Amino acid sequence: MKIVVIGPPGSGKGTLSKSLVKKFNFVHISTGDMIRAHITRATPLDLEVKEILEKGDLVSDELIMELVEATLHDTSHIPNGYILDGFPRTLPQAEWFVSHFEVDYYIILDISSKTVIERISGRRIHPSSGRIYHIKYTPPKVEERDDETGEALIQREDDLPDKVKNRLEVYKSLTTPIISFIESNSDKCIHINAEQTEQAVVQNILSIIGKTL
Ligand code: AMP
């Protein structure tokens with residue numbers, strides 16, 4: 001099965017993807033993770049991309065489409081399918097994607113800005129494992145420390161309040177318009193109320209895609 005998940009930052013795309021990956025052995029393809037992995041060297045281009053990320057702006061359509069194409073042009077190595085998280089995010093990306101790839105579902109996560117801000121501002125990450133906590137909802141056992149290693153947790157640079165505000169504005173202006181484009185070019189869109197708990201969101205999706213926990 002091939003699924004695309006679309007939603008603002010903090011709508012639970014990553015968490016939802018991880019649940020579905022665990023259950024169905026899908027491959028999780030996150031363009032945000034791809035970009036973060038791409039900028040580990042200190043070349044001028046990497047530094048430029050890093051700056052864009054830290055501001056909460058989008059990287060160029062060309063770069064991101066190149067990365068997605070490199071991953072999706074041959075899916076024979078992903079027999080159980082994939083969940084694509086974070087792409088498409090602009091109209092040119094959506095036009096390119098719809099004309100090149102067939103998927104089973106576009107899952108659109110609907111959520112208010114207020115909930116997004118609350119979720120993101122409490123998010124803490126353990127950098128080396130990628131484990132994610134929330135200071136209120138899923139706190140670590142020891143404040144600001146990873147449960148397994150005891151190492152310090154960090155707050156992602158683009159999760160800081162002014163960056164989150166920018167990311168939401170970018171989502172509203174560039175990504176929201178792609179939803180009506182996809183809806184008019186595909187009958188595979190489903191809207192999910194992402195204000196619900198993570199478990200309810202997953203159940204909701206499973207009932208729609210015809211699988212049960
Ligand atoms: P995410 O983890 O999905 O919030 O992505 C982190 C950052 O990666 C975004 O703020 C963008 O700078 C970049 N990024 C991820 N996906 C895309 C995309 N489809 N188009 C442009 N930039 C992207």
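The values are calculated or read from the model by the stated rules, or taken from the named source; none is laboratory data. All values derive from a computational prediction rather than experimental measurement. Every residue, glycine as well, gets a Cβ built from its backbone with ideal geometry; the counts of neighbours run over all protein chains shown.
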Criterion (exposed (fewer than 14 other Cβ atoms within 10 Å of the Cβ), out of contact with any helix residue (DSSP H, G or I) (no Cβ under 9 Å at 6 or more places or on another chain) and either at pLDDT 95 or above or of a type in the set (Val, Ile, Thr) (or both)) met by exactly one of Ser184, Ser173: Ser173
Identify, please: which residue in the stretch 3-48 is of a type in the set (Ser, Thr, Tyr) and farther than 20 Å from Thr138 by Cβ and is, among those, modelled with the lowest pLDDT? Thr40
Can you find a residue in the stretch 55-70 that is touching a residue at least 12 places away in the same chain (Cβ under 8 Å), surrounded by 12 or more Cβ atoms within 10 Å (Cβ to Cβ) and touching a strand residue (DSSP E or B) at 6+ places or on another chain (Cβ under 9 Å)? yes
Residues that are touching a helix residue (DSSP H, G or I) at 6+ places or on another chain (Cβ under 8 Å) and more than 15 Å from the ligand (Cβ to nearest atom): does the stretch 96-107 have at least one? yes
More than 9 Å from the ligand (Cβ to nearest atom) and assigned to a loop (DSSP other than H, G, I, E, B), is that true of Thr40? yes
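Yes/no per residue for (1) within 25 Å of Ser99 (Cβ to Cβ); (2) away from the ligand (no atom under 16 Å from the Cβ); (3) among the aromatic types (Phe, Trp, Tyr); (4) assigned to a helix (DSSP H, G or I):
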{"position": "Lys141", "(1), (2), (3), (4)": "no, yes, no, no"}
{"position": "Gly150", "(1), (2), (3), (4)": "no, yes, no, no"}
{"position": "Lys163", "(1), (2), (3), (4)": "no, no, no, yes"}
{"position": "Ile179", "(1), (2), (3), (4)": "yes, no, no, yes"}
{"position": "Asp187", "(1), (2), (3), (4)": "yes, yes, no, no"}
{"position": "Gln199", "(1), (2), (3), (4)": "no, yes, no, yes"}
{"position": "Leu206", "(1), (2), (3), (4)": "no, yes, no, yes"}
Subset of the stretch 80-131, residues in contact (Cβ under 8 Å) with a residue 12 or more places away in the chain, of a type in the set (Lys, Arg) and surrounded by fewer than 16 Cβ atoms within 10 Å (Cβ to Cβ), comes to none
